[in-house]
Amino acid sequence: MYRFAYHILQLAFIITAFTALVSAFGFRKSRGDFLSSSRRGVVLTFGLLSFASAILVYALLAHDFRLEYVAGYTSTTLPPFYSLSAFWAGQKGSLLFWAWILSGFTALVIYQNREKNQHLMPYVVTTLMTIEGFFLLLMLVAENPFETLAFTPADGSGLNPLLQNPGMVMHPPSLYLGYIGFSIPFAFAVAALLTRRLDSQWITTTRKWTIIAWFFLTLGNLFGMKWAYVELGWGGFWAWDPVENASFLPWLTGTAFLHSVMIQERRGMLKVWNVSLVVITFLLTILGTFLTRSGIISSVHSFGKSAVGPFFLWGILGTAGFAFWLILTRLPDLRSEHQLDSLLSRESSFLLNNLLLLGAAFAVLWGTLFPMISEAVTGAKVTVGAPFFNQVGTPIFLALLLLTGICPLIAWRKATGKNFRRNFLWPFTLSLLGGITLWIVGLRDVYIWMSFVFAIFVLYSVGMEFWKGIRAKMRAGKRAFLQALDSLVRSNQRRYGGYVVHLGLVMIFVGITGAVGFKTEQKIQLSQGQSATIKDYTIQLAGLYTKPEPGKVRYGANLDVYKNGALIARMTPEKRIHKGREEQPHTEVALRQTPKEDLYIIYAGTNGEKKAVFDVHINPLTAWIWAGGMVMALGTFLTLYPFRKRNKKDTRREKHITHTRARQPAVTGDTAV
Amino acid sequence: MLVNLLLLVILPFNSRAEEPPTVSEVSKGLMCTCGCSMVLYSCQCGTAEQMRGAIQGMIDQGMNTPAILQAFVNRYDQTILAAPPKKGFNLSAWITPFVALAVASGLIYLLLKRWTGASRDQDEYRHQVREEDEPYLEMLEKELQTIED
């Protein structure tokens with residue numbers, strides 16, 4: 001069966017290559033039959049890879065240890081939930097997972113554009129099938145997921161205990177969906193460049209793909225943070241690990257792209273910038289994969305050294321060379337349709353937003369690659385860890401936070417100084433009052449102070465935007481508050497959904513600031529019945545326990561937690577020794593979350609005096625990070641949900657509005673509702 | 001802006017008075033040697049516990065943070081530090097992002113000035129055209145007046 005599965009991959013590769021060639025050839029020679037054939041090729045590729053994936057999933061769930069991959073990542077005691085997640089846990093499986101998802105996305109793009117964009121689709125298909133072919137080639141020559149063992153072991157190695165967490169099921173697939181999702185706008189950009197159809201059509205067509213890809217990258221990063229927080233047992237959630245950075249980089253440039261495309265859609269400007277940005281974002285998604293898989297950077301996340309590294313490196317260089325050659329040769333077609341009317345305009349503020357996001361991305365990339373650069377230049381190795389990224393990144397991220405509040409206050413095209421000052425007055429005043437209050441109560445850390453002050457500024461700025469719109473709707477239609485809010489969001493989903501996303505981002509900033517700036521840590525040692533006090537918590541050891549289970553032994557503690565004399569929780573931190581990994585005990589944190597703070601307890605074992613040792617952390621506002629993520633998800637949903645069913649009339653109307661806005665004279669003053 | 005950002009990078013260190021270090025603070029500046037690639041503060045392995053114990057011993061001897069970090073560098077090498085030292089070629093790690101931001105800011109500013117300058121030129125041209133049309137508008141007014149009369 002597994003030899004057959006490998007042949008399926010070979011067949012998929014042949015069909016992918018055929019489809020890529022036939023699609024481009026059919027377009028150039030105006031052969032409709034070739035184009036139809038290429039579309040069928042896409043669907044067939046998806047079918048074949050679905051079949052191959054189903055075979056691997058079956059093998060994982062059935063614990064068929066004839067397969068090297070199954071033996072390496074599962075065991076007889078691994079629950080089915082985690083056996084399934086082994087599909088993307090390892091190098092080989094994740095390559096197949098990537099190829100399968102990409103083929104599905106390509107088929108979906110074909111379906112969505114069955115009656116439009118016929119001048120772009122052939123090259124879109126060629127681009128996507130070329131990427132598909134690359135991943136299939138990797139599996140065929142270097143990392144075959146269906147490689148069998150010479151003998152069948154009685155049991156597998158099992159999944160790393162750190163990966164046996166619900167977050168493990170969510171985190172990698174979310175990131176992959178984000179990475180792969182950005183292939184779609186990239187493919188459309190390449191098609192637009194090849195056909196010289198460089199108006200905003202390719203951006204409008206891929207807008208939802210961009211938002212969805214960005215959304216999954218956001219979710220993937222947040223799931224990873226939550227997973228690190230509850231699983232790694234050090235009380236933190238982001239370690240600036242190279243692979244973490246690699247998933248953060250395309251998120252930064254993707255966020256910049258999401259904003260700058262609005263300028264091209266409205267004003268026909270920044271065309272060169274936007275195609276370059278989507279190319280950079282796509283390259284960074286592949287760079288991230290390269291760093292994880294090549295072994296050139298040591299990381300807790302990396303798959304380890306592999307033969308695929310050189311393939312990825314050449315793939316990145318080749319793609320970069322081709323894409324930027326295309327951009328250079330199409331520069332005359334990428335001229336802006338309009339000029340900028342004023343330095344004080346939303347367009348300028350979006351450019352500043354892009355500058356800071358790209359600056360942050362450069363800082364993170366520079367720090368990630370600096371160890372290699374330093375060794376190449378000086379011969380001496382250095383480590384670039386969290387202290388570097390925190391020091392360099394924090395001022396840039398704070399500036400971004402501030403800008404999030406400033407942008408809504410500025411009109412498109414040309415804002416007058418008078419109106420800008422008027423819009424700025426209340427948010428500035430309130431945030432300044434907040435800052436003075438914080439100073440008075442003793443907050444002296446500059447960064448923490450700035451973070452809270454800017455957060456107040458943004459909250460008020462965005463709140464004011466909602467209030468102005470709701471008030472206008474209430475007066476115009478004599479609506480109640482909630483009806484007016486509903487109508488407001490439906491009338492401009494993109495704008496108000498975006499504001500909700502910004503609110504979620506502010507919550508994340510506040511959460512990170514609280515968790516990092518006001519953390520309390522204490523090591524306590526307790527005998528049975530003994531208690532210790534940390535801040536206003538009293539923690540008493542009720543007893544220790546040992547629980548053998550299939551595949552592992554759990555050593556834990558029952559802790560009674562009191563606050564103001566009342567019992568508020570029974571918490572059970574554990575250490576787990578997994579069979580076959582006795583030298584790597586795994587920590588299960590005990591966590592009690594409230595909006596105000598997290599009580600986070602790690603069981604560190606027993607000491608020479610036979611006392612149980614615990615690391616106790618109190619992390620204020622950490623729950624706001626996860627809540628902020630949910631608010632961002634809500635905001636994304638609001639931008640995407642089809643509140644109004646689109647029909648042909650809506651599409652024509654939207655096109656007319658886009659053209660009319662580009663020709664209108666400058667609008668000064670308040671932002672229009 | 002570059003100077004302000006650089007100051008913000010330096011400021012967190014300069015704003016703190018000299019206090020006895022804590023194990024947490026020092027361990028944030030070192031890497032664990034167990035091969036996990038994590039900062040010592042974050043790693044929970046036995047090796048990390050031993051290293052933290054060694055740090056506590058140095059603190060008890062009255063050593064400050066720079067001295068403790070140097071002791072670890074002497075024992076291992078500079079890869080034990082969680083961030084590159086701010087000297088020599090390694091200084092470029094710290095300042096390059098801000099230099100790049102400053103250069104990009106300058107380029108964008110020049111681009112925006114050019115764009116807004118071109119836009120102002122277009123506005124002036126449109127104004128000139130209107131001024132030039134005025135005599136003809138007056139003639140048209142008179143002709144229309146004649147027709148109405």
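Can you give the average number of partner chain beta-carbon atoms within 10 Å of each beta-carbon in peptide A:333-346, as a whole number? Can you show the working numbers first?
Numbers: counts 0, 0, 0, 2, 0, 4, 10, 9, 6, 5, 5, 1, 2, 0.
Average neighbour count from other chains, rounded to a whole number: 3.
The heavy atoms of A:Lys208 present about 100 square angstrom of accessible area, all protein chains included, probe 1.4 Å.
For the range A:1-160, what is Rg from Cα atoms divided by 2.2 N^0.38 Å, rounded to two decimals? List each step's numbers first, then the result.
Numbers: Rg = 17.6 Å, N = 160, 2.2 N^0.38 = 15.1 Å.
The value comes to 1.16.
Going by accessible surface with a 1.4 Å probe and the largest first, A:Ser50, A:Ser348 read A:Ser50, A:Ser348. Long hydrophobic helices in chain A, taken as whole DSSP H segments with a C-alpha length of 27 Å or more on their own axis and mean Kyte-Doolittle hydropathy at least 1.6: A:121-141.
Using the alpha carbons of the range A:452-493, what is the convex hull volume per residue in cubic angstrom, as a whole number?
64 Å³
Computed on the Cα trace of the range A:68-167, the radius of gyration divided by the Kirkwood hydrodynamic radius gives Rg/Rh = 1.13. Ordered from highest to lowest accessible area with the whole protein assembly present and a 1.4 Å probe, A:Thr126, A:Thr289 read as A:Thr126, A:Thr289. Net charge in the neighbourhood of A:Thr538 (other residues with Cβ under 13 Å of its Cβ; Lys, Arg +1, Asp, Glu -1) is 0. Pairs from the table (A:Lys208/A:Lys473; A:Lys535/A:Lys596; A:Lys468/A:Lys596; A:Lys547/A:Lys575; A:Lys414/B:Lys113) lying more than 20 angstrom apart at Cα are A:Lys208/A:Lys473; A:Lys468/A:Lys596. Mean projection of the Cα convex hull over all viewing directions, computed for chain A: 34.6 nm². Take the Cα of B:Lys87, step 7 Å toward its Cβ, do the same at A:Ile440, and the gap between the two points is 4.6 nm.
Given a 1.4 Å probe and the protein chains as shown, B:Trp115 ends up with an accessible area of around 40 Å². Restricting the range A:100-196 to GluC sites (Glu not before Pro) that sit in a DSSP loop and have at most 11 other Cβ atoms within 10 Å of their own Cβ leaves A:Glu115. When you filter the trypsin sites (Lys or Arg not before Pro) in the range A:1-90 for DSSP loop state and at most 12 other Cβ atoms inside 10 Å of their Cβ, you are left with A:Lys29. Spin-label model, A:Asp199/A:Leu343: points 7 Å from Cα along the beta carbon direction are separated by 3.4 nm.
Stokes-Einstein diffusion of the range A:350-415 at 37 °C, 0.692 mPa s viscosity, Kirkwood radius from Cα pairs, rounded to a whole number: 239 µm²/s. The alpha carbons of the range A:165-335 give a radius of gyration and a Dmax of 17.1, 55 Å, in that order.
Summing charges over neighbours of A:Asn607, with a neighbour being any other residue whose Cβ is under 11 Å away from its Cβ, gives +1 when K and R count +1 and D and E count -1. Across the range A:143-158, coupling constants 3J(HN,Hα) worked out from phi with the 6.51/-1.76/1.60 Karplus curve, θ = phi - 60°, read 9, 7, x, 10, 5, 9, 8, 5, 9, 9, x, 6, 8, x, 6, x Hz, and Gly and Pro carry x.
Going from the alpha-carbon gyration tensor of the range A:520-620, what semi-axes, largest first and in whole Å, does one get by taking the root of 5 times each eigenvalue? Walk me through the numbers on the way to the answer.
On the way: eigenvalues 117, 44, 29 Å².
Largest first, the range A:520-620 gives 24, 15, 12 Å.
A simple packing score, the average count of other Cβ atoms within 10 Å per residue, orders the peptides B:105-112, A:403-410 as A:403-410, B:105-112, with the highest score first. A simple spin-label model places the labels of A:Ser491 and B:Met139 4.8 nm from each other, with each point 7 Å out along Cα-to-Cβ. The trypsin sites (Lys or Arg not before Pro) of the range B:35-93 meeting both criteria, a DSSP state outside H, G, I, E and B (loop) and at most 12 other C-beta atoms within 10 angstrom of the site's C-beta, are B:Lys87.
Peptide A:384-397 shows a mean partner chain C-beta count of 6 within 10 Å per residue C-beta.
The values are calculated or read from the model by the stated rules, or taken from the named source; none is laboratory data. If you're wondering where the values come from, they're calculated on a predicted model, not measured in any experiment. Virtual Cβ from ideal backbone geometry, glycine too; neighbours counted across all protein chains shown. All accessible areas refer to the heavy atoms of the entire protein, side chains included, with ligands and DNA or RNA removed. Shrake-Rupley method; radii C 1.70, N 1.55, O 1.52, S 1.80 Å.
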